[in-house]
Amino acid sequence: MALVKPIIYQIVGYQNSGKTTIILKMIEILKKEGIKSATIKHHGHGGRPEVLSEKDSAKHIKAGAVASLVEGEGRLCLQADGTVLPLEEQIRFVDYFRPDIILIEGHKMKAYPKLLILRNENDLSLISDVCNIKTVFVWHKDLINSIREKLEVPVFHIMDEMALMKISKDLIKLVHNIDEKN
């Protein structure tokens, strides 16, 4: 299978496992290397994501608009209501902005390559529940060996900055390999 842009990479784990922190660090590393990233986040807390209700765009939605787009000085904000887009449609939508990499936070059951974050032994069921795990980060070092027995992927402590740098650099190499082939 040929590699194509954008590269899609998921960061998954249960709520409060550190997904957002990891993605923020990855975005910074990628940006320093000139790599354009976009993100898609699954709002897994139940209910609808919050919006700034005092803004005109939110007022437009409340009045019945299905979508409201606001642009100013190069920033584009979109709010949509009554629209459920499957992840694949969200990826196509974000692809319009021509990122090199799309980082997806959540959507555990999708088959894209992923970094799995495990807080403790209660999260170990995710090893068999999700697929295409490329790397695992753990909060407790005593989990590393037991995970290595179950998976043949790199396993690191969540605070291992060098591991996160290596993962990011590997993604950057993929981007450059695709660019060279095109």
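What accessible area, in Å² to the nearest ten, does a 1.4 Å probe give for F97?
100 Å²
How compact is the range 54-112 by the rule of thumb for globular proteins, expressed as Cα Rg over 2.2 N^0.38 Å? Please list the in-between numbers first.
Numbers: Rg = 13.9 Å, N = 59, 2.2 N^0.38 = 10.4 Å.
Ratio of Rg to 2.2 N^0.38 Å for the range 54-112: 1.35.
On full extension of the chain, what length is gained from T83 through H140, given 0.36 nm per residue of separation minus the C-alpha to C-alpha distance? Numbers along the way, then the final one.
Numbers: separation 57, 0.36 × 57 = 20.52 nm, distance 3.96 nm.
Length gained, T83 through H140: 16.6 nm.
Helix 19-32 versus the longest principal axis of the chain: what angle, 0 to 90°, nearest 10, using Cα atoms?
Its long axis makes an angle of about 80 degrees.
Between L103, L118, L69, where does the largest GNM mean-square fluctuation fall for the chain, given springs only between Cα atoms within less than 10 Å?
Its mean-square fluctuation being the largest, the pick is L69.
Using 0.36 nm per residue, how much length does the chain from V153 to V70 gain when fully extended, once their Cα-Cα distance is taken away? Display every interim value, and only then the final one.
Numbers: separation 83, 0.36 × 83 = 29.88 nm, distance 4.29 nm.
Length gained, V153 through V70: 25.6 nm.
Top to bottom by accessible area (1.4 Å), largest first, where do R98, R148 land?
R98, R148
Please determine, in degrees from 0 to 90 and to the nearest 10, the orientation of helix 161-181 with respect to the longest principal axis defined by the Cα atoms of the chain, where the helix direction is its Cα long axis.
Roughly 70 degrees between the two axes.
I'd like the distance between the alpha-carbon centres of the range 115-130 and the range 58-102, rounded to an integer number of Å.
31 Å
Check the straight Cα-Cα distances from K32 and name the lysines below 25 Å, setting aside those fewer than 8 residues away within the same chain.
Hits, sequence-local ones excluded: K5, K19, K41, K114, K134, K166, K169, K173, K181.
The values are calculated or read from the model by the stated rules, or taken from the named source; none is laboratory data. Being a predicted model, the structure only gives us computed values, none of them experimental. Ligands, DNA and RNA are excluded from the accessible area calculation, which covers all protein heavy atoms including side chains. Shrake-Rupley method; radii C 1.70, N 1.55, O 1.52, S 1.80 Å.
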